[in-house]
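Encoded as structure tokens, the structure appears first; notes follow it.
The values are calculated or read from the model by the stated rules, or taken from the named source; none is laboratory data. The model shown is predicted, which means the values in this text are computed figures rather than measured ones. Every residue, glycine among them, receives a Cβ derived from its backbone with ideal geometry; neighbour counts consider all protein chains shown. SASA here: full protein model, heavy atoms, side chains in, ligands and nucleic acids out. Shrake-Rupley method; radii C 1.70, N 1.55, O 1.52, S 1.80 Å.
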Amino acid sequence: LACSLVAARSHETAYRFAQITDIHLEPFYNPEKGHRKGGVCRVDDAFNKSMCIPFRVEPEAEAYPFGRLNCDPPMALLRSLMEHMTRVSHHAKPEFVIFTGDIPSHSLSCQYHQARTIQLVIDTLATELKDVAPKWYPVMGNNDYFPNYNVSLQPGSTWQRYVASLYGRRGILQGEQLETFGLGGFYAATPRLGLRLLVLNTVVWSFKVLDWAATPKKNVHHHQVVVDSSAYNGYPSPLSELDLTDWVWDTRSVGKKIFVACDQRPRDPYGQIAWAKKQLAEARAAGERVIIAGHVPPGNKVGENNFCPNHLQDLEALSREFGDIVEVQLEFRMVWDDNDGEPKAVSSVLVSAGVTPRKHCNPSWRLFDVSSKHDVHDFTQFFLLLTQTDIQWNLNKKWRMLHLEGLDENVSWRFWRRQYSFRQQYGVGLDPRDLEHLFHRMRWNPRLLKTYLRNMFSDTVGTNDYFDYICDMRYLGAKDNGECAAKGRLLQQHSDGLVPASSQQERLATAEEANADLAAQFDGALHPDLAVSAGFYVQVHWVVFAGMATLFGALLTTIVVLAQRLKALSRADYIPLA
């Protein structure tokens with residue numbers, strides 16, 4: 001049966017959907033603070049854990065305008081992402097978007113900041129995603145609770161219903177979806193006839209669920225403006241049973257975290273597994289395919305976000321029982337069946353890098369290709385190279401002025417790139433048997449595994465910001481080195497006579513490649529408003545062409561030398577299975 005299912009899968013694309021995850025917007029963004037610790041890049045008064053100041057969004061940062069590795073990003077990155085998704089949709093419009101959770105930046109000082117950040121992002125997505133797709137579906141992430149992982153094990157907590165109301169106010173969730181999301185952060189949807197989407201709250205299954213009652217707490221002093229602030233900026237809750245007229249902000253924060261022991265939890269919080277099983281049975285009876293979306297993935301992603309054993313067993317059992325209709329789980333991980341002879345993969349679980357660069361990843365998002373039979377057979381990942389963007393952006397005065405005015409997205413979207421297509425990169429699709437084959441290839445091929453990891457982290461090098469290495473080369477003293485790293489700039493103006501000319505060529509190439517990449521990827525004529533005026537970016541001199549001719553000659557010689565070596569290595573990526 002498994003073989004016949006694989007053989008029947010289609011690779012034609014009938015429609016698409018997009019996925020974004022882990023935005024982690026930092027409203028108080030300051031790229032000169034905290035990036036070397038991989039922690040919080042935030043202005044001092046908002047980073048004060050004993051004080052909750054009035055909410056604001058910091059003015060546009062001159063250094064690292066779209067974000068910095070090891071930092072959560074500013075609004076400029078979210079604007080750029082939305083504009084790029086809109087431009088891509090001109091060529092390949094997704095029918096829906098799945099947002100798999102985590103809205104606010106890490107370690108915000110108070111519940112008030114958490115709530116206002118979540119509302120700001122939801123309102124932004126509700127407005128901007130209209131130009132990308134007609135519908136989008138949100139998921140609860142662990143940072144969407146305050147504090148992190150403070151998810152109630154009982155249904156219908158005040159915070160869960162409050163977050164639900166933020167989506168309900170903008171019409172993102174309605175009716176039964178809004179009701180079950182308010183109970184426990186889960187719901188079902190039908191994005192397209194014959195396709196069912198199950199959104200699950202996987203945070204509640206994590207080892208890290210906070211024991212709020214037992215955890216020591218610290219009081220955070222709240223500014224009077226905060227004390228007087230209502231639960232919402234604007235109109236009230238759409239949930240009739242959620243009365244927030246007497247809303248009082250929680251002034252407590254956590255000390256040392258204590259987690260709820262796995263053996264002290266309900267076996268099925270909110271009855272979510274039972275609900276999912278009923279939904280899957282209905283989908284099978286109706287002949288539907290199913291996509292499951294969650295935030296915290298099962299197993300180890302490189303960290304410790306494992307599920308409690310009982311919850312993991314329940315999810316694995318669900319995946320095995322309904323593996324014939326579950327198309328993909330968006331939370332690269334596989335669910336295995338070890339009970340019938342040789343282990344085999346029965347379900348695909350895909351983990352995405354995310355928008356925030358805090359975990360050493362360039363910002364990224366994905367566009368999935370789906371057949372008319374709802375076979376999810378490929379995805380394309382787009383990403384923003386923060387290093388190149390920062391260097392080129394700061395060499396152009398017009399772009400810097402646009403950024404300071406908050407009008408940069410009409411230029412910054414061009415710096416996003418198509419990173420890879422999964423099928424083109426690995427030669428397989430996304431069904432469990434294909435991924436099992438890829439898994440075995442990576443076991444014996446370190447080079448292929450290295451490629452996979454590079455793609456997983458969106459093409460970053462090392463765990464530090466690029467300018468940290470420049471500062472290490474230039475300044476030996478700790479004070480100057482630290483100041484250079486914080487600012488992301490050399491402390492003295494160097495005479496870099498050759499840099500502007502080469503960078504001009506790079507800027508022109510960046511603009512042209514952005515348009516060419518979209519046109520080539522989606523086989524369509526360029527939309528008129530995508531045309532780039534070369535004069536707007538830089539004046540092109542004949543020296544550029546002379547230099548290109550010289551480089552071409554050198555490259556041609558190199559290609560001839562490498563051709564035979566590549567021929568010998570070309571089979572290394574396709575070692576047959578034992």
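List the number of the failed condition for E128; all other conditions in (1) more than 18 Å from R252 (Cβ to Cβ); (2) touching a strand residue (DSSP E or B) at 6+ places or on another chain (Cβ under 9 Å) hold.
(2)
Could you check L280 against (1) in contact with a Phe, Trp or Tyr (Cβ under 6 Å, 6 or more places away or on another chain); (2) in a loop (DSSP other than H, G, I, E, B); (3) among the aliphatic types (A, V, I, L, M) and say which number it fails?
(2)
What residue, among those in the stretch 145-177 that are in a helix (DSSP H, G or I) and among the aromatic types (F, W, Y), is most open to solvent (accessible area, probe 1.4 Å)?
Here the answer is W159.
Please go through the stretch 411-433 and give me each residue that is at pLDDT 85 or above and open to solvent by 30 Å² or more (accessible area, probe 1.4 Å), ordered by number.
Residues satisfying the conditions are R417, R418, Q419, R423, Q424, Q425, G427.
Of all residues in the stretch 91-126, count the ones that are assigned to a helix (DSSP H, G or I) and out of contact with any helix residue (DSSP H, G or I) (no Cβ under 9 Å at 6 or more places or on another chain).
In the first step, residues of the stretch 91-126 are kept if they are assigned to a helix (DSSP H, G or I); the result is 111-126.
Adding the requirement that they be out of contact with any helix residue (DSSP H, G or I) (no Cβ under 9 Å at 6 or more places or on another chain) leaves 116-117.
Within the stretch 91-126, residues that are assigned to a helix (DSSP H, G or I) and out of contact with any helix residue (DSSP H, G or I) (no Cβ under 9 Å at 6 or more places or on another chain) number 2.
Which condition does W247 not pass, out of (1) modelled with pLDDT under 85; (2) at positive phi, if it passes all the others?
Against the list (1) modelled with pLDDT under 85; (2) at positive phi, W247 comes up short only on (2).
Do you know which residues across the stretch 380-438 are among the aromatic types (F, W, Y), farther than 22 Å from C71 by Cα and in contact with an Asp or Glu (Cβ under 6 Å, 6 or more places away or on another chain)?
So in the stretch 380-438, the residues among the aromatic types (F, W, Y) come out as 382-383, 393, 399, 413, 415-416, 420, 422, 426.
Narrowing the set further to residues that are farther than 22 Å from C71 by Cα leaves 399, 420, 422, 426.
Listed by number, the list holds a single entry, F422.
Which of the following residues is out of contact with any Leu (no Cβ under 9 Å at 6 or more places or on another chain), farther than 27 Å from K487 by Cβ, open to solvent by 10 Å² or more (accessible area, probe 1.4 Å) and at pLDDT below 90: N394, N339?
Within the list N394, N339, the selection yields N339.
When both residues are 6+ apart or on different chains and their Cβ atoms are under 7 Å apart, which pairs have a first residue that lies in the stretch 412-428 and is of a type in the set (D, E), and a second that is surrounded by 20 or more Cβ atoms within 10 Å (Cβ to Cβ) and outside any helix (DSSP H, G or I)?
Filtered contacts from the stretch 412-428: no entries.
Every residue in the stretch 22-44 that is surrounded by fewer than 24 Cβ atoms within 10 Å (Cβ to Cβ) and at pLDDT below 80, please.
Correct list: K33, G34, R36, K37, G38, G39.
What are the residue pairs meeting all of these: first residue in the stretch 278-295, first residue at positive phi, second residue in a loop (DSSP other than H, G, I, E, B) and surrounded by fewer than 20 Cβ atoms within 10 Å (Cβ to Cβ), Cβ atoms under 9 Å, and 6 or more apart or on different chains?
Going by the 9 Å Cβ cut-off, the qualifying pairs are G287/G194; G287/I325.
Only residues that are surrounded by 19 or more Cβ atoms within 10 Å (Cβ to Cβ) and part of a helix (DSSP H, G or I): list them for the stretch 178-198, please.
L178, T180, F181, G182, L183, G184
Quick check on my filter: what residues within the stretch 128-158 are farther than 22 Å from A188 by Cβ and charged (D, E, K, R)?
Passing the criteria: E128, K130, D131.
For the stretch 54-87, how many residues are within 17 Å of the chain's Cα centre (by Cα) and open to solvent by less than 30 Å² (accessible area, probe 1.4 Å)?
Selection size over the stretch 54-87: 18.
So which of A231, A276, A286, A213 ends up being at pLDDT 90 or above, among the small types (G, A, S) and open to solvent by less than 40 Å² (accessible area, probe 1.4 Å)?
Exactly one of A231, A276, A286, A213 is at pLDDT 90 or above, among the small types (G, A, S) and open to solvent by less than 40 Å² (accessible area, probe 1.4 Å), namely A276.
Does the stretch 127-144 hold any residues that are assigned to a loop (DSSP other than H, G, I, E, B) and within 16 Å of T21 (Cβ to Cβ), and which are they?
Result: V132, A133, V139, M140, G141.
Within the stretch 372-386, track down each residue that is surrounded by 18 or more Cβ atoms within 10 Å (Cβ to Cβ) and not charged (D, E, K, R).
H374, V376, H377, F379, T380, Q381, F382, F383, L384, L385, L386
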